[in-house]
Amino acid sequence: MSNKILITGGAGYIGSKIVADLIKEKYEVHIIDNLSTGHKILINKKAFFLKININNKKKLSSYLKKHNITSVVHCAASLDVNESEKNPRKYYINNFINTKKLLEVCIKNNLKTFIFSSTCAVYGNVSGKVNENLVPKPVSVYGKTKLQCEKIIQNFAKKYNFNYGILRYFNVAGSDMINKIGCINKNNQLIKNISLSVANNKNKVFIYGNNYKTIDGTCIRDYIHLEDISKIHCRLLNIISKRKISYLLNCGYGIGYSVLEIINNFEKIFKIKLKKTFLPKREGDIIQIISSTKKIKKFLKIKLNKKNKLKKIIISSVQWEKYLNKNHNV
């Protein structure tokens, strides 16, 4: 097994954390990022970095060949559900077409292992916990493009004989303050938005929809800490490289929190009162999505300590926003 690995989107929120953890595990890490949504301050100084778009097949092929890289973690993508509804062409090109081009180049350069950042948005509107056997029915353009990517990875893996890991993220949040890694982009995600407000002493929050068929009328999500999503990637990479096996796995804690419950937790932790403004529902938003964790526990044999993780997510998210305010003009 080669210790060389390429991370696309390695200057982004999740990608940069994976980079840091793989370097800690003595991997030689190569980052490709066009910095359209990634940031220079998240580029790990111990990694190799190349600023190109993943659709640049000629340069990418030359780079893979030069460094003899056969393992890839593909994090680069457009991620905003609301934006995907307004600009579907952008998401089709950036997510599906560019992933297809990346795969074609990697296959020509002896691809052995490919890990893909997918999303729970592929499931669509569901109730209760969802497991990996559920037939995906995405409602957002974002979810649809990610499902297209999953299918082409599986088809190519069968045809060209490489191992894959498809990871369906639930809501990733929190920061790594030791390595100074966190979410920079304003992405319409609840915890990011509230953390920004709290860090700037504005103490207000916008809620999209309050008449969903849930316990309190607001959407329900399953949150997972940044450190655990990265831990899953590192563990999965090690397993599929050694065992020559492929997996499709949910990445969540199996605990659902409504929007109002998240707000209440912020208020309780920081002893504040947040001013709530209710707005219309957003196109593409899922009502409720909670992960079944049986498969990831069984196959990765990984312990995700869920105790007080929401509190850790919230505190570290606000710490990150304060750090950005003090140290970086982004």
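The values are calculated or read from the model by the stated rules, or taken from the named source; none is laboratory data. Please read these numbers as outputs of a predicted model, since none were measured by experiment. Because the Cβ atoms are built from the backbone with ideal geometry, glycine has one as well, and the counts that use them run over all protein chains shown.
Name the residues in region 6-39 that are within 14 Å of residue 75 (Cβ to Cβ) and either among the polar types (S, T, N, Q) or part of a strand (DSSP E or B) (or both), would you? Within region 6-39, 6, 7, 8, 16, 29, 30, 31, 32, 34, 36, 37 qualify. Here residue 223 meets the list (1) under 28 Å from residue 295 (Cα atoms); (2) aromatic (Phe, Trp, Tyr); (3) surrounded by fewer than 21 Cβ atoms within 10 Å (Cβ to Cβ) almost entirely, failing just condition (3). Is it the case that residue 261 is assigned by TED's automatic domain parsing to the domain that holds residue 127, farther than 30 Å from residue 110 by Cα and not basic (Lys, Arg)? So residue 261 does not fit the description; no. Within region 311-330, being out of contact with any Ser or Thr (no Cβ under 8 Å at 6 or more places or on another chain) and among the polar types (S, T, N, Q) holds for 325, 327, 329. Would you confirm, using the coordinates I've provided, whether residue 86 is surrounded by fewer than 21 Cβ atoms within 10 Å (Cβ to Cβ), of a type outside the set (Gly, Ala, Ser) and either more than 19 Å from residue 186 (Cα to Cα) or at pLDDT 95 or above (or both)? Here the answer is no, as residue 86 does not meet what is asked.
Here region 264-298 is the region considered, the condition is being in contact (Cβ under 8 Å) with a residue 60 or more places away in the chain and in a helix (DSSP H, G or I), and the residue that is surrounded by the fewest Cβ atoms within 10 Å (Cβ to Cβ) is 294.
The residues listed here are 70, 37; of these, the one that is over 20 Å from residue 164 (Cα atoms), in contact with a Ser or Thr (Cβ under 9 Å, 6 or more places away or on another chain) and polar (S, T, N, Q) is 37.
For region 226-263, a residue qualifies if it is under 16 Å from residue 303 (Cβ atoms), surrounded by 20 or more Cβ atoms within 10 Å (Cβ to Cβ) and of a type in the set (Val, Ile, Thr), and the qualifying residues are 229, 232. The numbered conditions (1) modelled with pLDDT of 95 or more; (2) on the phi > 0 side of the Ramachandran plot; (3) in the same structural domain as residue 131 (by TED's automatic domain parsing) are all true for residue 217 except (3). Would you point out which residue out of 71, 140 is surrounded by 17 or more Cβ atoms within 10 Å (Cβ to Cβ), in contact (Cβ under 8 Å) with a residue 60 or more places away in the chain, more than 16 Å from the chain's Cα centre (by Cα) and closer than 19 Å to residue 246 by Cα? Within the list 71, 140, the selection yields 71.
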